[in-house]
Amino acid sequence: PGFTCARNWVEDPAPAVSLPAAPATGFDLSDLSPGSVALVGAGPGDPGLLTLHALRALEAAEVVLHDRLVGAGVLALANPAALRVETGKSAGDHSTPQQDIHALMLEHARAGRRVVRLKGGDPFVFGRGGEELEFLRAHGIPYRVVPGITAAVACAAYAGIPLTHRDHAQSVRLLTAHCRDSVDVLDWDALAQERQTLAVYMGVAGLERLRERLLAAGRAPSTPFALVENGSRPEQRVITGTLDDLAETARAHAVASPALLILGEVAALAGQLHWFGAAPLAASAAKPPLARAA
């Protein structure tokens, strides 16, 4: 999706392509030994964004413990004989408590199985990957880590938004604002500075608080934003507007998780540089018309 061919190709089916052998210094299937855990980043949803190391780990897995938002296309690449267990974690909804996920990893690893803990995006970016490795190390379970493409990088790219740009942003900050505790500990004066990009994970439910804090800290009401819903997936939507109407625009378009907020001058480039899926939706396209809450 997102590509238009300049000509029609009529050719014989492409020959089968075998994956290159893993380099001797890299991840090898033998590294996923019985009784070990591979912490694997599944990326944002598009199976094509998996790394070769992630693919090899999935092919070798005997147990796959996966987050709810890991796409079916990614799961389809796993060993068909592997046991798949959905751990249920998604933004704002942890139906499987973290301690239960720890217990599942321990149970299957101690039973001698090759375990893949498959997490959306990158395991070490708001994914509790560090906590899971601490648990495995404390219990003597061998582990490997396979990084994935994190949502900020993928969603921005699929929306045509450069996270940094010489004319607009010299830095990017990754943050989460999905609960009141996380909002209260953020440095809002630093976040309100211009010429930087904010990539906010799991923030759909907290957009009103985010807007209020940034405006109070001096960020301009006209600062552009883009909300990327289901980034890199066929159903991707991009909604654009300005900080002053952030929460109202999200409500008018019924934006739902998974969605990433990109806020900063670079977000305005989505309208010019988008290439994947439908063109961005602007605040003026929302139905019914926007009205600020009293």
Residues of segment 238-264 that turn out to be more than 21 Å from the chain's Cα centre (by Cα) and free of Cβ contacts under 8 Å to residues at least 24 places away in the same chain, as a count: 1
Across (1) at pLDDT 95 or above; (2) over 21 Å from the mean Cα position of the chain (by Cα); (3) closer than 21 Å to residue 283 by Cα, residue 209 clears everything bar (1)
In segment 247-264, what residues are assigned to a helix (DSSP H, G or I) and surrounded by fewer than 24 Cβ atoms within 10 Å (Cβ to Cβ)? 247, 248, 251, 252
Is segment 151-158 home to any residue that is within 26 Å of residue 236 (Cβ to Cβ), more than 21 Å from the chain's Cα centre (by Cα) and surrounded by 17 or more Cβ atoms within 10 Å (Cβ to Cβ)? no
Scan segment 205-232 for residues that are surrounded by 20 or more Cβ atoms within 10 Å (Cβ to Cβ), not aliphatic (A, V, I, L, M) and not in a strand (DSSP E or B) and report the count. 7
Residue pairs within 6 Å by beta carbon, gap of at least six or interchain, first lying in segment 46-70 and in contact (Cβ under 8 Å) with a residue 12 or more places away in the chain, second small (Gly, Ala, Ser) and part of a helix (DSSP H, G or I), listed first then second, are 47/73
Looking at 138, 109, which is the one that is free of Cβ contacts under 8 Å to residues at least 60 places away in the same chain and not assigned by TED's automatic domain parsing to the domain that holds residue 232? 138
Would you call residue 182 more than 12 Å from the chain's Cα centre (by Cα), at pLDDT 95 or above and either in the same structural domain as residue 121 (by TED's automatic domain parsing) or among the polar types (S, T, N, Q) (or both)? no
Among the candidates 227, 163, 186, 210, residue that is over 22 Å from residue 45 (Cα atoms) and either out of contact with any Gly (no Cβ under 8 Å at 6 or more places or on another chain) or free of Cβ contacts under 8 Å to residues at least 12 places away in the same chain (or both): 186
Any residue at all in segment 137-150 that's surrounded by 21 or more Cβ atoms within 10 Å (Cβ to Cβ), of a type in the set (Ser, Thr, Tyr) and at pLDDT 95 or above? yes
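The values are calculated or read from the model by the stated rules, or taken from the named source; none is laboratory data. Only a predicted model underlies this, so the values are computations on that prediction, with no experimental measurement involved. Please note: Cβ atoms are built from the backbone with ideal geometry, for glycine as well, and neighbour counts cover all protein chains shown.
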